[in-house]
Amino acid sequence: VDLKHLFTLVIFVFISALILPLPLCFIIYFGLWHSISSLENIRQHLSKTKKETLSWKSLMIQCVPLTAISLVGLFSIIFFLDLTNNINLVIMGLFIGISILTLPHQEVMSKMYLLVRKKSAN
């Protein structure tokens, strides 16, 4: 763990929590800290060897189809439920959606980290 990088992220999230509304602070935490850290771990896990590392560009290309489906679904829900006039319902829906994703995400990531630990033990 790069302590300088970790310290910078903690300070950035802390300052954003002090000056921004909670939803924006959450987006900063989730987008900058959690998502990027998780994607880096996934990138390393999917790399064939340490010498042949999967590039960020290749990983992003692999993410495009499911990301596009998710965005279409999200915007469809906002449009068909006519949530455009009620930002509180949109924010509530986003948090509910994230909570629904938590259990499968935790299962997949736990299995990935188990494989990573087995690989590094050998």
- Item | Flag if LYS119 is of a type in the set (D, E, K, R) and in a helix (DSSP H, G or I) | yes
- Item | Hits in segment 57-70 (condition: closer than 27 Å to PHE7 by Cα and surrounded by 10 or more Cβ atoms within 10 Å (Cβ to Cβ)) | LEU59, MET60
- Note on the structure: When every residue in segment 1-56 that is assigned to a loop (DSSP other than H, G, I, E, B) and among the hydrophobic types (A, V, I, L, M, F, W, C) is compared, the one surrounded by the most Cβ atoms within 10 Å (Cβ to Cβ) is LEU54
- Please name all residue pairs, on different chains or six or more residues apart, with Cβ atoms under 6 Å, provided the first residue is in segment 51-66 and is under 17 Å from SER38 (Cβ atoms) and the second residue is among the basic types (Lys, Arg). LEU54/ARG43; LEU59/ARG43
- Among the candidates PHE14, PHE26, PHE75, PHE79, residue that is at pLDDT 85 or above, out of contact with any strand residue (DSSP E or B) (no Cβ under 8 Å at 6 or more places or on another chain), on the phi < 0 side of the Ramachandran plot and not hydroxyl-bearing (Ser, Thr, Tyr): PHE14
- Task: Only residues that are farther than 18 Å from PRO23 by Cβ, among the β-branched types (Val, Ile, Thr) and under 14 Å from the mean Cα position of the chain (by Cα): list them for segment 65-122, please.
- Result: THR67, VAL108
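The values are calculated or read from the model by the stated rules, or taken from the named source; none is laboratory data. Quick caveat: nothing in here was measured; it's all calculated off a predicted structure. Every residue, glycine as well, gets a Cβ built from its backbone with ideal geometry; the counts of neighbours run over all protein chains shown.
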